[in-house]
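Asker: If you scroll down you'll find the structure; I have some questions about it.
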Amino acid sequence: MSIATEEQTVVDRVSKQLYIGGEWRDASGGGTLEVIDPATEEPLCEVADATPEDAAAALDAAVDKRAEWAASAPNDRAGILWKAFELMMERADKLALLMTLEMGKPLAESKGEIVYAADFFRWFSGEALRIEGGYKQFATGTSRVLVMKQPVGPSLLITPWNFPMAMGTRKVGPAVAAGCTVVMKPAQQTPLSMLALGQILEEAGLPGGVFNIVTTSSSGSTTGPLIQDPRLRKLSFTGSTEVGRRLIEASAQNVLKVSMELGGNAPFLIFEDADLDAAVEGALLAKMRNMGEACTSANRFHVAEPVREEFARRLGEKMGALKFGRGTEEDVKVGPLIDQPSREKVAELVQDALDKGATRVVGGEIPDGRGYFYAPTVLDEVPEDARVLHEEIFGPVAPVGVFSSEEDAIARANDTEYGLVAYVFTRDIKRAIRVCEGLDTGMVGLNQGMVSNAGAPFGGVKQSGIGREGGHQGLEEFLETKYVAVSL
Ligand code: NAP
């Protein structure tokens with residue numbers, strides 16, 4: 001099969017309809033929204049553009065199925081998740097191609113995301129069997145404390161475009177394992193991966209109504225009424241801090257249980273005693289994974305002065321050598337950014353830093369031709385007031401600066417409203433622990449440039465979020481605790 005034919009086939013195989021109550025159907029208004037390939041700026045296909053009435057129907061379906069699904073056997077829920085894991089792994093190549101087409105990341109990275117995404121189903125398949133309560137005596141010895149864990153109920157899941165599959169399975173896995181029914185709203189730029197996931201879960205035997213998908217071009221007006229509906233019990237959102245804040249506010253009306261995975265501004269600290277080879281490799285991974293379009297992306301590099309120049313030079317050599325292009329092409333390591341406004345913002349941040357006195361080590365250009373590409377860029381001696389150090393870049397740009405002491409490194413790292421992840425490179429174990437303790441973040445990569453793992457509690461503090469996804473903690477987000485006082 002030629003590459004173009006294979007691309008067409010994977011796009012054709014995905015349902016373009018809404019998935020509500022176990023049925024695939026068109027949007028009630030008949031509307032569609034276009035999906036664009038960011039590497040060519042050409043349309044790939046159109047999918048259903050849901051109206052508020054469609055979203056209401058999806059919530060109705062989730063509510064109708066709520067009690068039955070909550071009472072289902074953990075073995076059945078575990079079995080469905082395990083089957084879905086297997087199907088994802090079997091189809092990993094095709095799912096990866098689909099993701100590259102709608103989102104742009106290189107095929108190898110898309111494949112990595114499919115494996116990571118599937119892993120949440122494997123993990124939560126096990127967690128479905130480990131929903132534990134408790135039993136103890138009152139301190140007085142008279143009555144008993146019985147603690148039950150029960151599914152929180154119908155949940156609205158909203159996901160971003162940067163990890164179109166993994167941000168979905170990281171929510172769907174625990175929701176299904178806990179016995180919750182859901183309405184899923186994926187990002188409008190990348191609806192295809194989620195629709196493909198719907199087909200997989202259907203094939204894996206997930207009963208209709210447990211997982212409902214609403215794709216829409218008007219996220220606010222479509223999901224707003226659901227958040228105000230008293231039958232909804234939980235909102236789990238991954239996206240920008242700005243939108244997250246608004247959704248927390250809206251959730252206050254019905255006091256919804258919320259999980260928020262929001263933006264980041266990750267510091268990457270390199271001490272003088274660090275293994276510099278490992279630090280450069282870790283930096284490349286933390287910066288260039290997903291073209292820098294990750295909440296965990298290293299946003300700023302704070303380096304001990306004696307090794308700063310060498311680090312910036314070596315990172316510049318590595319980043320400058322990365323081939324960029326359409327993610328389907330061989331050896332491409334850097335795909336396009338998601339759209340023109342995102343690329344403009346990246347270019348603006350780089351220009352601001354250069355205007356304020358930063359040195360360009362490599363990159364800093366928009367290449368000619370179609371597609372929203374931006375050249376991998378390293379800036380050295382970036383001044384403190386440059387916007388690039390304070391705003392989420394979401395692009396392949398690495399600003400490098402210095403710190404003068406351990407205290408200064410921690411202070412600089414914490415000088416942000418965000419608190420998702422930080423990276424620390426040092427060979428001194430005592431310093432490593434001191435710095436990890438001092439960082440105001442939910443996660444730390446210690447001598448490694450990646451933290452994501454299905455079995456680990458992923459999440460942030462400060463304005464990076466509320467709650468955790470993955471690990472046993474991820475399941476707890478979809479459970480409520482009920483305490484029964486038992487008289488004997
Ligand atoms: P975004 O603009 O906040 O959008 C995220 C999702 O929210 C999309 O599905 C979007 O739909 C929807 N949305 C936007 N406005 C809404 C509203 N008023 N009501 C309901 N839904 C609404 O974020 P993004 O640009 O897609 O994603 C990038 C951001 O996500 C970055 O800040 C990144 O750090 C963060 N992120 C965080 C994590 C984490 O785990 N902490 C992981 C990945 C990404 P539309 O597509 O229709 O706009």
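Asker: Any idea which residue in the stretch 241-265 is farthest from ALA386 (Cα to Cα), counting only those that are more than 6 Å from the ligand (Cβ to nearest atom) and of a type in the set (Val, Ile, Thr)?
Answerer: Among residues in the stretch 241-265 that are more than 6 Å from the ligand (Cβ to nearest atom) and of a type in the set (Val, Ile, Thr), the one farthest from ALA386 (Cα to Cα) is VAL255.
Asker: Taking the stretch 226-235 only, how many residues are more than 11 Å from the ligand (Cβ to nearest atom) and closer than 14 Å to LEU157 by Cα? Quick ask: steps written out before the conclusion?
Answerer: As a first pass, look at the stretch 226-235 and keep what is more than 11 Å from the ligand (Cβ to nearest atom): 228-234.
From what's left, closer than 14 Å to LEU157 by Cα: 232-234.
Residues that pass the stated criteria total 3.
Asker: In the stretch 278-324, how many residues are within 19 Å of ALA409 (Cα to Cα) and part of a strand (DSSP E or B)?
Answerer: The total comes to 7.
Asker: Give the stretch 470-488 a look and list any residue that's in a helix (DSSP H, G or I) and either touching a His at 6+ places or on another chain (Cβ under 7 Å) or hydrophobic (A, V, I, L, M, F, W, C) (or both), or say none.
Answerer: Looking only at the stretch 470-488, we keep the residues that are in a helix (DSSP H, G or I), and these are 471-476.
Selection gives LEU475 alone.
Asker: Looking only at the stretch 333-348, which residues are more than 26 Å from GLU34 (Cα to Cα) and either within 14 Å of the ligand (Cβ to nearest atom) or assigned to a loop (DSSP other than H, G, I, E, B) (or both)?
Answerer: LYS333
Asker: Still on this structure, I have one more. Would you list the strands (runs of 3 or more DSSP E) that sit entirely within the stretch 141-257 and hold 3 or more residues that are among the aliphatic types (A, V, I, L, M)?
Answerer: Working: elements: 144-151, 155-158, 182-185, 211-213, 234-238.
Hits in the stretch 141-257: 144-151, 155-158, 182-185.
Asker: Look through the stretch 103-115, keep the residues that are within 17 Å of LEU44 (Cβ to Cβ) and in contact with a Phe, Trp or Tyr (Cβ under 8 Å, 6 or more places away or on another chain), and return whichever of them is surrounded by the fewest Cβ atoms within 10 Å (Cβ to Cβ).
Answerer: MET103
Asker: Out of everything in the stretch 196-217 that is within 14 Å of the ligand (Cβ to nearest atom) and surrounded by 24 or more Cβ atoms within 10 Å (Cβ to Cβ), what residue ends up being farthest from ARG66 (Cα to Cα)?
Answerer: Here is the first cut: in the stretch 196-217, the ones within 14 Å of the ligand (Cβ to nearest atom) are 213-217.
Still in the running and surrounded by 24 or more Cβ atoms within 10 Å (Cβ to Cβ): 213-216.
Values: ILE213: 16, VAL214: 18, THR215: 22, THR216: 24 Å.
If we take residues in the stretch 196-217 being within 14 Å of the ligand (Cβ to nearest atom) and surrounded by 24 or more Cβ atoms within 10 Å (Cβ to Cβ), then THR216 is farthest from ARG66 (Cα to Cα).
Asker: Here is a further query. Consider GLU42 carefully, then state whether it is more than 21 Å from ILE158 (Cβ to Cβ), modelled with pLDDT of 95 or more and surrounded by fewer than 18 Cβ atoms within 10 Å (Cβ to Cβ). Before you say what the answer is, go through the steps one by one.
Answerer: Values: more than 21 Å from ILE158 (Cβ to Cβ): yes; modelled with pLDDT of 95 or more: yes; surrounded by fewer than 18 Cβ atoms within 10 Å (Cβ to Cβ): yes.
Yes: the conditions hold for GLU42.
Asker: Moving on to the next point. Take the residues in the stretch 266-298 that are within 10 Å of the ligand (Cβ to nearest atom) and small (Gly, Ala, Ser); name whichever of them is nearest to LYS318 (Cα to Cα). Write out each step before concluding.
Answerer: If we filter the stretch 266-298 for residues that are within 10 Å of the ligand (Cβ to nearest atom), which is where we start, we get 266, 290, 293-297.
Add one more test, that the residue is small (Gly, Ala, Ser), and what stays is 266, 294, 297.
Working: ALA266: 20, ALA294: 19, SER297: 17 Å.
Only one residue tops the list, namely SER297.
The values are calculated or read from the model by the stated rules, or taken from the named source; none is laboratory data. Computed from a predicted model, the values in this text were never measured in an experiment. Virtual Cβ from ideal backbone geometry, glycine too; neighbours counted across all protein chains shown.
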